[in-house]
């Protein structure tokens, strides 16, 4: 299969995944499984190896990021228990006003969590 065909399949899979999650309100895990199956068929993986391939891919990915997710969850609980999350929310509300607090917290969460995903 050519590189351009694989790139088109990848692009279509991302678009389909976004449509399933955003528009169809499908659970992200179910949407990922559906898109994974479709990509496997589209790329020509033999039917008897599709499930094994998906399991290995998910297992490999989860194996690498599981500790980061667990430690991040623990840190989040500690921040919540210490009052840090409430303090941050009150400070942002006071400085930016209630209308801009959600956007500020979203950006803050993205930038503080984003490096943990890589």
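Could you work out the relative contact order of the stretch 1-117? I mean the mean sequence separation of Cα pairs under 8 Å and 6+ apart, divided by the number of residues, in percent. Numbers along the way, then the final one.
On the way: 34 pairs, mean separation 18.3, N = 117.
Rounded, it is 16 percent for the stretch 1-117.
Using only the alpha-carbon atoms, what does the stretch 48-98 span along each of its principal axes? Please give whole angstrom values in decreasing order.
If we take the Cα atoms of the stretch 48-98, the spans are 58, 22, 11 Å.
Among 24-35, 43-54, how do they line up by average Cβ neighbours within 10 Å per residue, starting with the highest? It would help to have the intermediate numbers written out before the result.
Values: 24-35: 13.5, 43-54: 11.8.
Ranking, from highest mean packing down: 24-35, 43-54.
For residue 11 and residue 42 in the same chain, what is the full-extension length gain: residue separation times 0.36 nm, less their Cα-Cα distance, in nm? Before the final figure, lay out the partial values.
Values: separation 31, 0.36 × 31 = 11.16 nm, distance 1.25 nm.
Length gained between residue 11 and residue 42: 9.9 nm.
For residue 27 and residue 4 in one chain, what is 0.36 nm times their gap in residues minus the Cα-Cα distance, to one decimal in nm?
On the way: separation 23, 0.36 × 23 = 8.28 nm, distance 2.98 nm.
Extra length available between residue 27 and residue 4 comes to 5.3 nm.
Please work out the FRET efficiency for the pair residue 100 and residue 55, using the Cβ-Cβ distance as r and a Förster radius of 30 Å; give the result to the nearest 0.05. All intermediate terms of the calculation are to be shown ahead of the outcome.
Details: r = 44 Å, r/R0 = 1.47.
That pair, residue 100 with residue 55, gives E of 0.10.
Helix 28-42 versus the longest principal axis of the chain: what angle, 0 to 90°, nearest 10, using Cα atoms?
With rounding to tens, the tilt is 30 degrees.
Could you give the angle, 0 to 90 degrees to the nearest 10, between helix 3-18's Cα long axis and the longest principal axis of the Cα atoms of the chain?
Between the helix axis and the principal axis of the chain, the angle is about 50 degrees.
Does the chain classify as rounded, prolate or oblate by the C-alpha gyration tensor (a ≥ b ≥ c root eigenvalues; a/c under 1.5 gives rounded; else a/b over b/c gives prolate, otherwise oblate)?
Values: a/c = 3.15, a/b = 2.02, b/c = 1.56.
Prolate.
Multiply the residue separation of residue 34 and residue 79 by 0.36 nm, subtract the distance between their alpha-carbon atoms, and state the gained length in nm to one decimal. Let's see the in-between values first.
Numbers: separation 45, 0.36 × 45 = 16.20 nm, distance 3.58 nm.
Length difference between fully extended and current span is 12.6 nm.
Values quoted throughout were computed directly from the atomic coordinates according to the rules given, and no laboratory measurement underlies them. What you see is a predicted model, and the numbers here were worked out from it, not measured in a lab. Methodologically, a virtual Cβ is constructed for each residue, glycine included, from the backbone with ideal geometry; neighbour enumeration extends over all protein chains shown.
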